[in-house]
Amino acid sequence: MATIKCRNITFYDIQAILFDKNGTLEDSEMYLRSLAQRAARLIDAQIPGTGEPLLMAFGVNGNSLNPAGLISVASRRETEVAAAAYIAETGRGWFESLKIARQALDEAEKYIEQTPAPLFVGSLDLLKYLQEAGLQLGILSAATTAEVRNFVANHQLSNYFQLEMGVDEGPTKPDPVLFLQACKALGVEPGATLMVGDSVGDMQMARDAKAAGCIGITWVGKSDNVQGADVVINQLDEIQILED
């Protein structure tokens, strides 16, 4: 067990830390913005007039991405449903709308994934530091499990993570059952596990699961995006282990 300190908050008897992926370990802003823009263009090509409203729904405004917006924090399934709702407003049937949204996102992902998003500065150093201290580490992301595994493989992180968990079917963030499932997979109690994430959903999920604590990271300096966190940090190296 380890004692973790972030700024003026100390967490005791910690066995494991779960990390969100997008916006926490991975600097995914450009990737997500490009994904939203391409998917919106593909849908607009089939149904003219839907592109701009879709971009707004995704949380993209020009070259800026809302870190609390749909494309940033929602699961793939939620993104499909939201896009399909805009398509259905044009009079298309619901199943047809879902199919159009899914195909556009699939095609956009295949194109965009040719250039993987980079790690945030300090991510690798932190993972090494925590692993050397004997902590169990996992990823708990709203992205699909396949996306999580691709992220780990692209950045050669498999030696650091004992759990690579995404959202495919069933519940999504902020449902606490996800956190509980992750802890069970790692063989640790929620009360000995920290959550590190960049969204309100991460914080709410962990709190409702009775986690040891919630660390909100906001690289953009907007603490509202991690409302509910026990402590808010701006850099991963603010997560420190106190020596006994």
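What the table below lists for this structure:
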item	result
Positions within the range 44-89 being hydrophobic (A, V, I, L, M, F, W, C) and either buried (at least 20 other Cβ atoms within 10 Å of the Cβ) or in the same structural domain as ASP168 (by TED's automatic domain parsing) (or both), in sequence order	LEU54, LEU55, PHE58, VAL60, LEU65, ILE71, VAL73, ALA74, ALA83, ALA84, ILE87
Any hit, the range 198-214, residues being assigned to a strand (DSSP E or B), in the same structural domain as LEU127 (by TED's automatic domain parsing) and surrounded by 18 or more Cβ atoms within 10 Å (Cβ to Cβ)	yes
Residue list for the range 143-174, restricted to those being part of a loop (DSSP other than H, G, I, E, B) and closer than 19 Å to GLY23 by Cβ	ALA143, THR144, HIS155, LEU157, TYR160, PHE161, GLY166, VAL167, THR172, LYS173, PRO174
Considering residues of the range 90-116 that are among the basic types (Lys, Arg) and surrounded by 13 or more Cβ atoms within 10 Å (Cβ to Cβ) only, the residue nearest to LEU32 (Cα to Cα)	ARG102
In the range 6-26, the residues that are farther than 21 Å from THR145 by Cβ and either buried (at least 21 other Cβ atoms within 10 Å of the Cβ) or not β-branched (Val, Ile, Thr) (or both)	CYS6, ARG7, ASN8, PHE11, TYR12, ASP13, ILE14, GLN15
Single match in GLY51, GLY69 (criterion: in contact with a strand residue (DSSP E or B) (Cβ under 8 Å, 6 or more places away or on another chain), without any contact (Cβ under 8 Å) to a residue 60 or more places away in the chain and either on the phi < 0 side of the Ramachandran plot or among the hydroxyl-bearing types (Ser, Thr, Tyr) (or both))	GLY69
ALA185 being small (Gly, Ala, Ser), assigned by TED's automatic domain parsing to the domain that holds GLY138 and surrounded by 16 or more Cβ atoms within 10 Å (Cβ to Cβ)	no
Selection within the range 117-148 - crowded, with 16+ Cβ neighbours inside 10 Å and of a type in the set (D, E, K, R)	GLU147
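The values are calculated or read from the model by the stated rules, or taken from the named source; none is laboratory data. Note that the structure is a prediction, hence the values are computed from the model and not measured. Cβ atoms come from the backbone with ideal geometry, glycine included; neighbour counts cover every protein chain shown.
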